[in-house]
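Beneath this line is the structure, given in structure tokens, with notes to follow.
Since every read-out is calculated from the coordinates, none of them should be taken as a lab result. Bear in mind that the values here come from a model prediction, so they are computed numbers and not experimental data. Glycine also receives a Cβ, built like all others from the backbone with ideal geometry; neighbour counts cover every protein chain displayed.
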Amino acid sequence: MERPTRTPLEVEEESEGDLGARRMIVNFGPQHPATHGTLRNIIEMDGERILRLEAEIGFLHSGFEKISEYRSYNQTVTVSDRMNYMSPLCNNIALAVAVEEMMGIQVTPRCATIRIILAELSRIADHILCVGLQAMDLGAFSLMLWAFTEREKLYDIFENVTGARLTTSYTRIGGLFRDVPHDFDEQVRRFMESGKKTISEMEGMLDENPIFVNRTKGVGAVSGEESISFGLTGPLLRAAGVQYDVRRARPYLGYDQYEFEIPTEKEGDVYARYRVRVREMYESMKIVDQALKKLPKGPINVSDPRIVLPTKDERNLPEGGMEGLIYHFKNYMHGHGVRPPKGEVYVPTEAPNGELGYYLISDGTERPYRWRVRPPSFYNYQAFARMSEGGLLSDSVAVLSSLNIIAGELDR
Amino acid sequence: MDPTTAVETLQQKFPEQVISAHEHAGQPFVHVKRDRIVDLLKWLRNDGGFDMLADLCGVDYLNQGMPERFCVVYNLTSTASNARFRVKAFVPEADPVIDSVSKLWKSAPWAEREAFDMFGLQFRGHPDLKRILLPESYGGRPLRKDYPLIGEGERQNFPRYTKEAHGKAH
Amino acid sequence: MGVESRPPEGTLTTRVEGLVNWARKNSLWPMPFGTACCAIELMATLASRFDLSRFGAEVIRFSPRQSDLMIVSGRIALKMMPVLLKIWEQMPEPKWCISMGACASCGGIFDNYAMIQGIDRFIPVDVYIPGCPPRPESVIDAIMKIQQIVEREKFASKN
Amino acid sequence: MEWTVVALYAGIAVAIAGGMLSLSHILGPRKRRPEKDQTYECGVDPVGTTKERFSVHFYLVAILFILFDIETVFLIPWAVLYKKLGVPGLMEVGVFLAVLGFGLVSGGKRKGLEWE
């Protein structure tokens, strides 16, 4: 397989008499500080103005959907948090919610509340870094360091709860890996004060900052209908005026018991997306507040032994008796374990970047027959060409960081 | 329009297209033939109110007793009424071609390119149908059920640089 | 005719060698070949909490021309391998390579058609960091190991 | 007496700059290879050619930059001695800045600063 060189775009030979500059082709390539990942754009430019932009992806295609067809449902949880590595918990929760809806399992109230708290915390982690990186791309480097100090505090919380900073793999079908530590709510409250302070500082730094406003207002604007046609979801769609949030449209895990607004803007440009993300962080904090207040006691796993592992004492012969041992054996051996009934389901959830949907087809065995993920970055990045054509090259950098493209999720 | 009425009206409007209607875990969906898929989806979008194509993906039903081997799944959403609906168009293995819906939604082209890349499904009328996730010189169709998990040796096929030789040593 | 190419004899060169190695050791300019989750941990290592600049290695260069330590952080897909080879080739000579994380070192959980099963099959790697993703402390430990390697570099081995 | 200081200062500057360049040229190992000499374009084979005519706007932007850069360079000697020069000095710099300010404003009006 010789190295796949890209055939250069055919540049029409302009007539000799024309004194204008010929089109220049620039490679905004896979190894580039501003692409935040392995994306490639071949840009045809007239001077600074972008005439045509062709995006090329697949530089991080890791065959997620193929390897998941060789794993049981609980094993695919470890696969799911390698997709969107900015907010891995949202992926784990999305997968667990999808399989539970397929099997018709109702998780315990404590598990649902813990999942909502962790999902909203990782939404804050994703948004704060996106705003930080966007500011860094436009020149304000210090904001990225502020964002990272907040993220480090969130890493401490995630590590305290799940054991890992980034690849958490915390949820299981029908419950969680383990319960939250006793000092969980006090640690989260401590983060919330410093988080609010840092976010308002970042807001103060960027909101009326002439450089930031000039670089982002009116840049890469997309109208509401066009965003729907492009399949944009999440902050991009809400910035274009369409008030659509899967947590409100199709509530899961009890999101309908919390009051929070859906921040939307009208212009649909880079500045509007930044505003939506910042306001969404405040909304997430409101949700975490309410969830912490009503965090119920009780078990975190569904009590159905066919799905959830029996606890240690249930397994030992004197107390648990023969059933505990048999269920433990059945849960781990081939052909046993979590086996949803034959059928398929598409369950969307609201990830920080947009609608993260799992389309699972089960053929009755414990391995998914088809494990399809609807990644928000895939459809958001498709609109990048439309947003940056006609603008300047430096505008396309601002637009790219406002889309918050995660290559792992993009190429799956 | 909520999905259940969508299923009935579809069965009346396109009786010969709709193969069967199903429902699983509270989610109705419909199996259709591939011939008039564009008109069917256009009707669903314009009159059915399903204005967003949330996801388009391919499925390989190798000897699973489905009408055909390949299937293209369209997951539709209505942002106004929050309703969801799924249309599954079946494509025979002998001639895996189906009309492209890139004229109806701008989110379709890349998803169709991925289905082409992973399953080898051709989309008639697609603006620029070529591989999207794998290199153009890649031979196989990985997500097909009969394709080996570890591929056919493409991952070893690169020149090797060693420190001593300071140059290509392949 | 570089400083290494003069035939080394006697103690004179060891002092020059020691000086050059000391200079190179403390000013490693990393080329972050960041693709996936390990890149986020690499960014965490460079951020203010696990500050990599204590080792003189925080000057992140995105062009291979000005960097001498390539940190391959993240999984390498089929399409990315030619890019990795080209960038490794375009880095000027005294260069070292860290393979950060399980995916870069051995393919990690992705033993499938799309993933390179370890970059050491194609480019020479000096230090491997286990972990998925490795903690920032182990990235710093890897940088220190690279510094030990640089310290013991002999000129004879160069030309 | 004044000039020896300036000459010394210039000599040191040239020595440092020249020294860095020549030392790295002499001591640096050079291993040329076809792959290494290719232009770096984000890790892929270069697309298109650079031997094309550039748009004239780049020239305009460059000239405007040089104009205002030199303006600040001329301000430095005044800034060093502004106490001693007193009000007359301030007046002269005012005129200097007014002329260039007028240039900037008129350039802005005629869309010189826009990319179009």
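Specify whether the C-alpha gyration tensor of region B:3-149 places it in the rounded, prolate or oblate class, a ≥ b ≥ c being the square roots of the eigenvalues: rounded for a/c under 1.5, otherwise prolate if a/b is larger than b/c and oblate if not. Prolate, because a/c is 1.5 or more and a/b exceeds b/c.
Each Lys or Arg adds one and each Asp or Glu takes one away; over the other residues whose Cβ falls under 11 Å from the Cβ of A:Val242, this sums to -3. Taking a label point 7 Å from the Cα of B:Asp95 along the Cα→Cβ vector, which residues of region B:35-71 have an amide N closer than 13 Å to it? Those under the cut-off are B:35. Nearest 10 degrees, 0 to 90: what angle lies between the long axis of helix C:37-46 and the longest principal axis of chain C (Cα atoms)? Approximately 50 degrees, to the nearest 10.
Against chain B, whose longest principal axis is taken from its Cα atoms, helix B:3-13 shows a tilt of about 80°. Each other residue within a Cβ distance under 12 Å of B:Thr77 adds +1 if Lys or Arg and -1 if Asp or Glu, for a net charge of +2. With both bridge residues required to lie in the protein assembly as shown, what share of the DSSP beta bridges run antiparallel, to the nearest 5%? Just about 75 percent of them are antiparallel. Each residue of region A:352-360 is assigned a 3J(HN,Hα), and the resulting list reads x, 7, x, 7, 9, x, 10, 10, 10 Hz, derived from the Karplus form 6.51 cos²θ - 1.76 cosθ + 1.60 (θ = phi - 60°), x at Gly and Pro.
Put +1 on the Cβ of every Lys and Arg and -1 on every Asp and Glu Cβ in region D:2-109; which of D:Gly89, D:Gly19, D:Leu75 then has its Cα farthest towards the positive end of the dipole? Of the options given, the answer is D:Gly19. With a Förster radius of 41 Å applied to the beta-carbon distance between D:Thr39 and C:Asn26, the computed FRET efficiency rounds to 0.85. Cα gyration tensor of chain A, axes a ≥ b ≥ c as square roots of the eigenvalues: rounded (a/c below 1.5), prolate (a/b > b/c) or oblate? Prolate, because a/c is 1.5 or more and a/b exceeds b/c.
Straight-line cross-link reach from D:Lys36 at under 13 Å between alpha-carbon atoms covers these aspartates and glutamates, not counting any fewer than eight positions away in the same chain: C:Glu89, C:Glu93, D:Asp45. With a cut-off of 15 Å between beta carbons, the residues surrounding A:Glu265 carry a summed charge of -1, where Lys and Arg count +1 and Asp and Glu -1. Specify the angular offset, from 0 to 90 degrees and rounded to the nearest 10, of the alpha carbon long axis of helix C:136-151 from the longest principal axis of the alpha carbons in chain C. Tilt relative to chain C: about 30 degrees.
Scanning residues 5 or more positions from B:Lys106 or on other chains, those with amide H under 5 Å from its amide H are A:Phe230, with H placed 1.01 Å from N in the peptide plane. Any aspartates and glutamates with Cα under 12 Å of the B:Lys145 Cα? List them, leaving off those in the same chain fewer than 8 positions away. Qualifying aspartates and glutamates at Cα under 12 Å: A:Glu65, A:Glu69, B:Asp60. Pairs spanning more than 26 Å between alpha-carbon atoms, out of A:Lys342/B:Lys106; C:Lys79/C:Lys154; C:Lys95/D:Lys51; B:Lys88/C:Lys79; A:Lys266/B:Lys130; A:Lys153/A:Lys286: A:Lys342/B:Lys106; C:Lys79/C:Lys154; C:Lys95/D:Lys51; B:Lys88/C:Lys79; A:Lys266/B:Lys130. Once the Cβ-Cβ distance of D:Asp69 and A:Glu54 is raised to the sixth power relative to R0 = 35 Å, the FRET efficiency obtained is 0.45. Treating r as the C-beta distance of A:Leu325 and A:Lys297 and R0 as 22 Å, the FRET efficiency rounds to 0.15. Modelled label positions at A:Ser394 and A:Glu226, each set 7 Å beyond Cα in the direction of Cβ, lie 2.3 nm from each other. Largest GNM mean-square fluctuation among D:Gly48, D:Gly28, D:Gly86, using chain D with Cα springs under 10 Å: D:Gly28. When chain D is treated as a GNM with alpha-carbon contacts under 10 Å, the residue of D:Ser55, D:Ser106, D:Ser24 showing the greatest mean-square fluctuation is D:Ser24. For chain C, modelled as a GNM whose springs connect Cα atoms under 10 angstrom apart, the maximal fluctuation among C:Ala23, C:Ala102, C:Ala57 occurs at C:Ala23. Extending 7 Å from Cα along the Cβ direction at A:Glu208 and again at B:Lys163 yields two label points whose distance is 5.8 nm.
Extension gain for the segment A:Asp156 to A:Arg386, taken as residue separation times 0.36 nm less the Cα-Cα distance, is 78.8 nm to one decimal. In the protein assembly as shown, helical runs assigned H by DSSP with n ≥ 4 each contribute -39500 (n - 2.57); averaged across all residues and rounded to the nearest 500, the mean residue ellipticity at 222 nm is -13500 deg cm²/dmol.
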